[in-house]
Every structure is written in C-alpha cells, then in structure tokens.
Amino acid sequence: MNPSVRKAFNEKFSDEKYSQFLDKLNNDLKEPVPFRVAETPIFLTADFRDKLIAAGNDIIDTILRPDFKELTERAIPDFWRVANENDHPHFIALDFGICKDEQGNIVPKLIELQGFSSLYGFQVHLGDTYREVYDLPGDETIFFNGLNEESYLDLLKKTILGPHQPDEVVLMDVNAPEQKTAVDFYLTQKYIGTPVVSLSDLIQDGKKLYYTAGDQKKQIKRIYNRLIFDEIAGDPEIFTKVADIRQPVEVEWITHPNWFYRVSKFTMPFLTGDYIPKTQFLHQSAQIPADLENYVLKPLFSFAGQGVIIDISNDDITAITDPENWILQQKVNYEPVVQSPEGGVKAEVRLLYLWPDGDEKPTLAINLARLSRGKMIGVRYNKDFNWVGGTIAFMPR
C-alpha cells in the first residue's frame, strides 16, 4: 500500500470530515446508502496495481479458452438455465485479498470471481466523493487502462446499451427499489438513462417483453440483469406468477444469467498462477489434506459468503451429501495492510471488467474495495467496527 498517501490522509482525517463525506455521498440520492461505507479509500502502489493486473490477465485467459463453456456446463443448475445464451459475459468481477507471501511480499490472492454485474455506477460516485471531500492528489485514479470518468462512462454505455436507446434497455432485479444495491441502480439510471424495473414489472406478450412507463407500454430490447436466482429460489412457483424469463423470449441479456454460474467459484479449480489459491472440487479430492486448518469449504451455489465453512473438521466433509457441489480451497490469510488510527485493517480489491459486444476481450475498467476487521470480508460481518465497509482503491495514473 502507498505509505506516503496513507500518511497524508490519516494526518488530515477527523470524524467531522467523515461525517461531511457521508453527507456529500448521500446528497441528491434517492435514498441514503444502506450499507456501511468506510472512512477511507485504499491507496495502492504502482507495483501492487501491476500485480493485480497480471493476476487478472491470467484468469481472463482461462475465460477466453475456446473450451470454457464445455468446462463449465455443469455449473448451471437445470432449473435456472436460461435460453439464448450468448458467447461471453459482459461483466466480470475478480475479488482479491491483500495478503503476504512466504517471502514477506504483499501480494493479491484470488478469493472469488463472478460473471455478473457489480456497482459500476456507484463506484464512480464514491470515488468522486472521496476525492472532493478529502482533497485527494490529482495523480491518483480509480480507473485502469488509461480511462477517465468520461471514457469510462462511455464504455459502460457501450456495454449496457449497445445499439439500443436507453428506454429500450431496463435494469431489472427482483423488487429492485428494495435491494441494498438500489443506490447503484438509480445512479446507473442517472448516468446512462436505463429505467429501473422489478421482475414483476415485466409484461410478456408471446415472445416479447414489455414494461410500462407512465401510460405507455414499451418493448424491452435488452435486460441489464441484476437478478441473482438465489434470491428467488425460495419460491419454486415464482415463474407461474411473473414472466418466465428462462424461456426463449426475444430479448438480449446484459449479461446473460448463465454466466453467473459459469464464471464463479466453479471456475476456480481450473485456474493456475502465483495468485490463485489451490482449489479442488470436493468429489475429485483423492485424499483429504491433513492440514484442514489451512483450507475453507465453499458451496458452489451460494452467494455473499453464505454456507462457507472456515474451520473445517473431517465430520464437516463426511456430512456433505453432494460433494460435487463443493470446493475445498486453500485458506487465504489477509494481511492488515491499511493503517487506521486504531491499527491495521484487512482489505480486498475487486477488479471490474466491461466486455461490450464486438470487443475481442474484456477491459479492466474500475474497482471496488472492502475493509474488514471481522472474520470474513463483507459488510454483514463488520457491523460493529469502524474503518470497515465498502470503499474503492486509488492508484497512480
């Protein structure tokens, strides 16, 4: 982490400045941000930034393999398989913990990955607010590949809208206004004009989908999908009440729901590299490691850390009845590299890629970061701490 920028930030920090930051962050939003936002950004060195980029490139190379769909076909649950899958994900998110290797070097280690959208709109607003309130140096950026805010938003529009008009593309989630990420939905609407709709708002007429805007019924050409099927899995009759979006309707998906499963924990056993923890499908583990304390057990089909077993016993493994749906992953030990007034804080950086139609490969565009003092990274595990929560990484241009 960049010690000089950190030192300057901490010397100027105050609780009053943080309150000013939160006021500015929430100003003009439809609703205040419902999750904890950290007091500080992360400040990366150029060296660590380059390590992140290299780690991401190795993973992207695997996703670009011509047999990638064949490798990941089993990842898609039959009940949630959606018709008309396209040839690549439009969004890729790679989560890296900031760790220390055996030689004492600060390195990234892959935690998880997803072929699904993230806070592509909110992170722009978050970065702008940190920069303005804390008067951050102008040579620090939240973007990659030479992008600035204008060119980034152009790339985001190209990815989400394609050849269509904003009112022909809807951002869709189940009960969209009630989601914790709704702040991102409405900022995206502000930046590129896509209306925000819920799953129940979709109107099916034959193979076409529509939504209503005022007294108008408008055809949907594309769905910017923010719906994770896990959130509706508790209602197996859901598609008798709303449009059955799994069927071959005449709509483009940005990104297609099947990619949520293909680019996921399921992908990790196929990855190799210095920044990839050893990972294997549980049913393919010829021998259970003797040092189970150095591994975590993860269910393939869950999200937000649910179901993860951190302190594994042999009984945990023998109790699993579907080992083909679990991975055994070498434990990643976070290094508390972010210096707060009360000591070190653990951190994670999410690389966010955009892959519009027509591009040969995805573009690393922006990032998301999280700070933690809890046993796991994530807002829900850090409710009673300060200097934790959602944030963003700044790095040299």
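The values are calculated or read from the model by the stated rules, or taken from the named source; none is laboratory data. For clarity, every value in this text was computed on a predicted model and none was experimentally measured. All Cβ positions, glycine included, derive from the backbone under ideal geometry; neighbour counts span all protein chains shown.
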*Within region 281-318, track down each residue that is assigned to a helix (DSSP H, G or I) and surrounded by fewer than 16 Cβ atoms within 10 Å (Cβ to Cβ).*
His283, Gln284, Glu293, Asn294, Asn314, Asp315, Asp316, Thr318
_Contact list please: Cβ distance under 6 Å, first residue in region 259-281 and not assigned by TED's automatic domain parsing to the domain that holds Leu292, second residue at pLDDT 95 or above and of a type in the set (Phe, Trp, Tyr), pairs at least six apart or on different chains._
Phe260/Phe116
*Please verify whether region 264-282 includes one or more residues that are modelled with pLDDT of 90 or more and more than 19 Å from Phe96 (Cα to Cα).*
yes
*Might you let me know whether region 40-47 holds any residue that is in contact with a Phe, Trp or Tyr (Cβ under 9 Å, 6 or more places away or on another chain), closer than 30 Å to Trp387 by Cα and aliphatic (A, V, I, L, M)?*
yes
_Residue check for Glu342: modelled with pLDDT of 90 or more and under 30 Å from Asp15 (Cβ atoms)_ = no
*Total residues in region 96-132, condition among the aliphatic types (A, V, I, L, M) and either over 21 Å from Pro396 (Cβ atoms) or part of a loop (DSSP other than H, G, I, E, B) (or both)*: 4
_Please pick out the residue among Thr194, Thr181, Thr188 that is in contact with an Asp or Glu (Cβ under 9 Å, 6 or more places away or on another chain), buried (at least 21 other Cβ atoms within 10 Å of the Cβ) and at pLDDT 95 or above._
Thr194
*For the subset of region 33-71 comprising residues that are farther than 23 Å from Val337 by Cα and without any contact (Cβ under 8 Å) to a residue 60 or more places away in the chain, which member is nearest to the chain's Cα centre (by Cα)?*
Asn57
*Is it true that Thr321 is at negative phi and either basic (Lys, Arg) or buried (at least 20 other Cβ atoms within 10 Å of the Cβ) (or both)?*
no
*Have a look at Val183, Val249 and point out the one that is in contact with a Lys or Arg (Cβ under 9 Å, 6 or more places away or on another chain), in a loop (DSSP other than H, G, I, E, B) and not acidic (Asp, Glu).*
Val249
*Name every residue in region 270-280 that is surrounded by 18 or more Cβ atoms within 10 Å (Cβ to Cβ) and of a type outside the set (A, V, I, L, M), in order of residue number.*
Tyr275, Pro277, Thr279
_Give me the residue from region 60-95 that is assigned to a loop (DSSP other than H, G, I, E, B) and of a type in the set (Val, Ile, Thr) and, out of that set, farthest from Gly358 (Cα to Cα)._
Ile76
*asked:* Go through region 36-68 and report how many residues are surrounded by fewer than 14 Cβ atoms within 10 Å (Cβ to Cβ) and within 30 Å of Arg262 (Cα to Cα).
replied: 8
*How many residues are β-branched (Val, Ile, Thr) and either surrounded by fewer than 16 Cβ atoms within 10 Å (Cβ to Cβ) or in contact with a Ser or Thr (Cβ under 9 Å, 6 or more places away or on another chain) (or both) if we restrict to region 93-141?*
1
*Residues (in contact with a Gly (Cβ under 7 Å, 6 or more places away or on another chain) and among the hydrophobic types (A, V, I, L, M, F, W, C)) located in region 1-50*: Phe35, Val37, Ala38
*For residues that are farther than 21 Å from Val308 by Cβ and either of a type in the set (Gly, Ala, Ser) or modelled with pLDDT of 95 or more (or both), tally how many sit in region 352-386.*
16
_Among the listed residues Leu155, Leu147, Leu113, Leu209, identify the single one that is over 30 Å from Tyr275 (Cα atoms) and among the hydrophobic types (A, V, I, L, M, F, W, C)._
Leu209
*Name every residue in region 186-232 that is part of a loop (DSSP other than H, G, I, E, B) and of a type in the set (S, T, N, Q), in order of residue number.*
Thr194
